[in-house]
Amino acid sequence: MIDRAMGIVDLEVEAASLLGEPEWTEGDRNTRTLLVADGLRIALVALRGGASIGDDSTDDTLALEVVRGRIEVEGEIEPRDLRPRELLVLERPRSWRVRALEESLILLTTTGGASGR
């Protein structure tokens, strides 16, 4: 149970802003950190089809939720495709990779390890 609200984020507003920045209009990805607090980090990530993000040495727990599009997640699991409104949690994978199968928008939450602090 959450005992205090840290703020409300309008994902549509954040997405519109994120997709208007040069990193997106001139590149294949863009990220906006929405919240950092007490070992928790939530980011909104835009990826063009074929673009990928990942980490080859992490001790964070990850939660990936597809807002728009379709992604493939690889790591210490069999590759999985995720679609809108699907959520995947990876508990402290040593490495992970997300590849956009089409233009996609995802929420990436990290918690626990050094990069989540």
(request) Average the reciprocal distances over every distinct pair of alpha-carbons in the chain, invert the result, and give the Kirkwood radius in Å. (result) 14.6
(request) Report, in deg cm²/dmol and to the nearest 500, the calculated mean residue ellipticity at 222 nm for the chain, where each DSSP H run with n ≥ 4 adds -39500 (n - 2.57) and the sum is divided by the residue count. (result) -2500 deg cm²/dmol
(message) Tell me the accessible surface of Leu107 in square angstrom (1.4 angstrom probe, heavy atoms of protein chains only), to the nearest ten.
(response) 30
(message) Probe radius 1.4 Å, ligands and nucleic acids ignored: give me the carbon and sulfur share of the accessible area of the chain as a rounded percent.
(response) 47
(request) Give me the net charge of Val13's neighbourhood, meaning all other residues with Cβ under 15 Å from the Cβ of Val13; Lys, Arg count +1, Asp, Glu -1. (result) -2
(request) Between Ala16 and Val67, with labels modelled 7 Å along Cα→Cβ, what's the label distance in nm to one decimal, could you check? (result) 1.3
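The values are calculated or read from the model by the stated rules, or taken from the named source; none is laboratory data. Just so it is clear, the structure is predicted and the values come from calculations on it, not from any experiment. In this analysis, Cβ positions are derived from the backbone assuming ideal geometry, glycine residues included, and neighbour counts consider all displayed protein chains. Surface accessibility is based on the protein's heavy atoms, side chains included, excluding ligands, DNA and RNA. Shrake-Rupley method; radii C 1.70, N 1.55, O 1.52, S 1.80 Å.
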